[in-house]
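One structure below.
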Amino acid sequence: MKDAPARLLSEFLGVFFLCLAGIGAITNQAGLTGIALAHGLAIFVAICAFGHISGAHFNPAVTTALALTKRIAPVDALAYIAAQLVGGIAAAALWQSMTNQWQGVPAIAGNVTVTQGLLAEIVTTFMLMIVIMGVAVDKRGSFAIIAGLPIGMAITADIFFAGPISGAAMNPARWFGPALINGDLTNAVVWIVGPLVGAIAAAFVYDIIVKPARD
């Protein structure tokens, strides 16, 4: 991998920013609006800062989808995913060390089944990944230069409607960091399988159906 230290540090920091902002907003009881904006703004600034270095995946599901569509080499994808997971763990550990509070783990609502939570993660991640494909991966998109804005807005919108259902993590690293530090891996399938299925489906749907024909 060319420029591996810079690229992997960028992936680490992007997830670190996302998790720290999200965990803080949840712990500080910022409400649904505050939580949604914290995640969306964190991704927006992280993409602006690091998109030109690593491509700003910041999500194992995104990296997996891009690897399966041959946009990143498998060995590079594994390195990206490792950096992303460590970023999530570091953010959760730092928050806990600063506050002695063990919160910020995505969870399904009490009246929601695991299947419903899984469906929510699939749908929200599909929506997020379609936006990523259209504005960041496909350089012909009209928002390619400022891809962080629509991607951040997509995350914000997803949390508004699905946050109360599944936490709307859309990102295994966003779940895994605080889950590991909190020692709570309950219903892991929701936040691992859900985002992976949603992102992979969106990448292939975009490539096969949505992507405009080349001139």
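At-a-glance table
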quantity	calculated
Sequence of LEU32, LEU68 once ranked by neighbouring C-beta atoms within 10 Å, starting from the fewest	LEU32, LEU68
Reachable aspartates and glutamates from LYS2, criterion Cα separation under 19 angstrom, eight or more residues apart if same chain	GLU11, ASP76
log₁₀ of I(q)/I(0) at q = 0.08 Å⁻¹ - the chain, Debye sum with one point per alpha carbon	-0.24
Computed over segment 122-193: relative contact order in percent, which uses C-alpha pairs under 8 Å that are six or more apart	27 percent
Cα centre as origin, Lys/Arg/Asp/Glu Cβ charges: the chain dipole, Debye	360 debye
Mean shadow area of segment 63-150 over all directions, Cα convex hull, nm²	8.1 nm²
For SER166, SER97, SER54, order by how many other beta-carbon atoms lie within 10 Å, fewest first	SER97, SER54, SER166
Ranked list, fewest to most other Cβ atoms within 10 Å of each Cβ, for MET129, MET153	MET153, MET129
For segment 46-55, Karplus couplings with θ = phi - 60° (6.51, -1.76, 1.60), whole Hz, Gly/Pro x	5, 5, 4, 6, 10, x, 6, 9, 10, x
Length added when fully stretched, VAL45-LEU78, from 0.36 nm per residue minus Cα-Cα	9.5 nm
Normalised contact order of the chain, rounded percent, pairs of Cα under 8 Å and 6 or more residues apart	31 percent
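Where a number appears in this text, it was derived from the coordinates with a stated rule and is not lab data. Source: prediction; values computed, not measured. Note that we place each Cβ from the backbone using ideal geometry, even for glycine, and neighbour counts take in every protein chain shown.
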